[in-house]
1. Report, by chain and number, residues whose modeled amide H sits under 5 Å from the one on Thr213, excluding near sequence neighbours (fewer than 5 apart, same chain).
2. Under a straight-distance cross-link criterion of Cα-Cα below 25 Å, which lysines are reachable from Lys230, leaving out those fewer than 8 residues away in the same chain?
3. Counting other beta carbons within 10 Å of each Cβ, put Phe128, Phe165 in order, fewest first.
4. Evaluate E = 1/(1 + (r/R0)^6) for Asp208 and Ser107, where r is the Cβ-Cβ distance and R0 equals 51 Å; express this FRET efficiency to the nearest 0.05.
5. Starting from the Cα coordinates of region 79-226, work out the convex hull volume and express it per residue in Å³.
6. Please give every one of the lysines within straight-line cross-link reach of Lys118, meaning a C-alpha to C-alpha distance under 24 Å, and leave out same-chain neighbours fewer than 8 residues apart.
7. So what's the projected area for region 139-253, the Cα convex hull averaged over all directions, in nm²?
Amino acid sequence: MTRGIRRSASTVLGAGISAAILMSFVPSAGAISGSLGAIDGTVFFDRNGNGLIDRSTTGGEPGAEKAEVRLYDADGDVVADAVADANGKFRFTDLRPGTYKLDGGQSGFVSTTEDERKVEVRGSKTEFVRFGIRGGSITGLAWIDENGDGIHQETEKAYTDSRGFTLTGATDYYGKIAQRTAKVDENGEYAFEDLPSGRYTVQTTGPDGTTATKTEAGPDATTDSDFTGKSGTVKSDKIQLAPGAGMVSLDAGFTRGTN
Ligand SMILES: [Ca+2]
Ligand SMILES: [Ca+2]
Ligand SMILES: [Ca+2]
């Protein structure tokens, strides 16, 4: 009995499906599905804050992977959410003609374009939207403090053999524990960019037989050292980054002397 009902239901369903498939080959049915529009967009890290995606900035301005964009209809009801891909791209499809609102603001970041955007979807056209966001940054350098005074004199060499710096944070883009590494360049400098607001610690490893030099020596933060540790790995204090804030000159000086 039950099987009979099932069989008959599936027969009806099967008939419906084949009818629908046939329908899509009929020009008038094609016109109906063709009247649905789409919204394509990008959320990008607008590092220079000008609202545009600059390709000339070192390495270009990257897309914001995992950025979340919410789509509302004219009544303010949520239609759908989209999560950006590795290139910061998102897409809403099958939208009936009408007025929509997009919210591309990201928690922990500063928006460099309007957070909310009205978009008019007409027919089968695709509308394009871009949201710029600016994150925080932490930069500094590694150097050998030859005279052990805790201050980076111009004559003192950068430590370019460093295995790089590791950043650990309480939050990553969207609430996950963050751990990122950055190599140092030929000047011993490292940079972490596009960071959401939150608390971070930076650590690195010095040459064998060295310790962190004294911290906060002298009045100039751009030439002092900010890492502590007797051997091996040295660490910064915890850093609280506000949305879009930049922490510069978080530097690691290494000495062979004792502090
Ligand atoms: Ca830009
Ligand atoms: Ca020095
Ligand atoms: Ca410093």
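Laboratory data are not the source of any read-out in this text; all were calculated from the coordinates shown. Every value quoted in this text rests on a predicted model; they were computed, and no experiment measured them. Cβ placement follows ideal geometry from the backbone for every residue including glycine, while neighbour counts extend to all protein chains displayed.
1. Under 5 Å from the amide H of Thr213: Gly253, Phe254, Thr255.
2. By straight Cα distance, Lys230 reaches Lys157, Lys183, Lys214, Lys238.
3. Listed from fewest to most nearby Cβ atoms, that is Phe128, Phe165.
4. 0.75
5. 144
6. Leaving aside lysines fewer than 8 places away in the same chain, those within reach of Lys118 are Lys66, Lys89, Lys101.
7. Result: a mean projected hull area of 6.7 nm².
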